[in-house]
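Here's the structure, in structure tokens; my notes come after.
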Amino acid sequence: MFCLNEINIFAHGVETAEKLLGSTPHDQLLIQTSNSFVGLLLFVIGFLVFMVAFVKDKEFQSFFAKGCILIHLSMALWRVNFERRLEDLAWDWPRQVAGDILLALSWVFFLLYTWREKYD
């Protein structure tokens, strides 16, 4: 549906994309199941962010933003500690860590903006 093999070839190259497909049918099934759960998780997170956008309670939005900061920073820490050890994905982790930190910074700016509104 999403042309995952083509996306992997574009992102990682042909050789790494073949390794990411799995070598046995069991590995391929596990990878497909993992991709399905990732898609479901992304949908749920998007729906949750959409619902939070309509909440008028500033305290809850602040709490939610702090949680998002924690999630993005822990994901960056995960990438630094574990993903860089995978030789097939080792070249990709600095870019992803920078992206995670920038996403966390966007939530920090949101908190600063709401703090400025609160105390002006």
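The values are calculated or read from the model by the stated rules, or taken from the named source; none is laboratory data. As the structure is a prediction and not an experimental result, all values here were calculated from the model. No Cβ is skipped: glycine too gets one built from the backbone with ideal geometry, and neighbour counts run over all protein chains shown.
Taking only the stretch 1-27 into account, find how many residues are part of a helix (DSSP H, G or I) and more than 20 Å from residue 91 (Cβ to Cβ).
Of the residues in the stretch 1-27, the ones part of a helix (DSSP H, G or I) are 4-12, 14-21, 25-27.
After this cut, where a residue has to be more than 20 Å from residue 91 (Cβ to Cβ) as well, the list is 25-27.
Residues in the stretch 1-27 being part of a helix (DSSP H, G or I) and more than 20 Å from residue 91 (Cβ to Cβ): 3 in total.
Would a scan of the stretch 75-84 turn up a residue that is in the same structural domain as residue 117 (by TED's automatic domain parsing) and surrounded by fewer than 12 Cβ atoms within 10 Å (Cβ to Cβ)?
Yes; the residues of the stretch 75-84 include at least one that is in the same structural domain as residue 117 (by TED's automatic domain parsing) and surrounded by fewer than 12 Cβ atoms within 10 Å (Cβ to Cβ).
Taking interchain pairs and intrachain pairs at least six residues apart, which have beta carbon atoms under 6 angstrom, with the first residue in the stretch 1-23 and on the phi > 0 side of the Ramachandran plot and the second surrounded by 12 or more Cβ atoms within 10 Å (Cβ to Cβ)?
That search, which allows pairs on different chains as well, returns 22/28; 22/31.
Here are some residues: 24, 33. Which one is exposed (fewer than 12 other Cβ atoms within 10 Å of the Cβ), among the β-branched types (Val, Ile, Thr) and within 19 Å of the chain's Cα centre (by Cα)?
Only one candidate qualifies: 33.
From the list 39, 99, pick out the single residue that is part of a helix (DSSP H, G or I), surrounded by 10 or more Cβ atoms within 10 Å (Cβ to Cβ), at pLDDT 90 or above and of a type in the set (Gly, Ala, Ser). Spell out the reasoning first.
Working: 39 fails: at pLDDT 90 or above.
Of 39, 99, the one residue that is part of a helix (DSSP H, G or I), surrounded by 10 or more Cβ atoms within 10 Å (Cβ to Cβ), at pLDDT 90 or above and of a type in the set (Gly, Ala, Ser) is 99.
Go through (1) among the aromatic types (Phe, Trp, Tyr); (2) at pLDDT below 80; (3) assigned by TED's automatic domain parsing to the domain that holds residue 98 and name the single condition residue 2 misses.
Here residue 2 meets the rest and fails (3).
Do we have residue 30 as at pLDDT 85 or above and in a helix (DSSP H, G or I) here?
Answer is no for this residue.
Check residue 45 against each of (1) surrounded by 10 or more Cβ atoms within 10 Å (Cβ to Cβ); (2) more than 30 Å from residue 117 (Cα to Cα); (3) at pLDDT 80 or above and name the one condition it does not meet.
Against the list (1) surrounded by 10 or more Cβ atoms within 10 Å (Cβ to Cβ); (2) more than 30 Å from residue 117 (Cα to Cα); (3) at pLDDT 80 or above, residue 45 comes up short only on (2).
Closer than 19 Å to residue 104 by Cβ and β-branched (Val, Ile, Thr): is that true of residue 71 in this structure?
yes
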